[in-house]
Amino acid sequence: MSDHSCEAVVITCIDFRFQEYINNWIAGKFSPKTFDRVAWAGGIKDSEGILKQIEISKRLHHIKKAVLINHEDCGAYGETGTAQKHAEDLKNASVKIKEQYPDLEVETYYLHLDGTFELIA
């Protein structure tokens, strides 16, 4: 049987406007077949749903890293989707993930409409 391990899970929003940016960014950061990808409306807005996806990826594919990407002008967030709100949600999701999986590295990004990825620390 083949190896069922990969490096990371990458969690993004479903918004079609950002897929080319995300695909190019992933291609520059990961080799093919080294990551699981989850597209979820609102990105990490539903942190409980996202935690379930991370649990599955960790259990089945032994990931070492979770990459969380939210984006500007997210319809799932609506009027509340300010850059500050996204940053807060990304940070909170990172804390929840680290509490549940202390050995998992977490990277968080805010993707701008122009395709710029902003690291949220």
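Taken together, the values in this text are just the output of simple stated rules run on the coordinates, not laboratory data. Quick caveat, the model's predicted, so the values are computed rather than measured. Positions of Cβ are generated from backbone atoms using ideal geometry, with glycine treated the same way; all protein chains shown enter the neighbour counts.
Taken over the range 52-121, the ratio of Cα radius of gyration to 2.2 N^0.38 Å equals 1.17.
Could you work out the relative contact order of the chain? I mean the mean sequence separation of Cα pairs under 8 Å and 6+ apart, divided by the number of residues, in percent.
28
Take the Cα of LYS52, step 7 Å toward its Cβ, do the same at VAL95, and the gap between the two points is 2.4 nm.
With the simple model of a label 7 Å out from the Cα in the direction of the Cβ, GLU105 to LEU119 spans 1.1 nm.
For LYS52, the aspartates and glutamates whose Cα falls under 15 Å of its own Cα, not counting residues fewer than eight places away in the same chain, are ASP36, GLU99. Over the chain, dividing the summed -39,500 (n - 2.57) contributions of all DSSP H runs of at least 4 residues by the number of residues returns a 222 nm mean residue ellipticity of -12000 deg cm²/dmol. Remark: spin-label model distance LYS64-HIS4 equals 2.1 nm, labels positioned 7 Å along the Cα→Cβ axis. Provide the percentage of antiparallel DSSP beta bridges, counting only those with both residues in the chain; round to the nearest 5. If I count the DSSP bridges inside the chain, around 15 percent turn out antiparallel. Compactness ratio for the chain: Cα radius of gyration over 2.2 N^0.38 Å (N = residue count) comes to 1.00.
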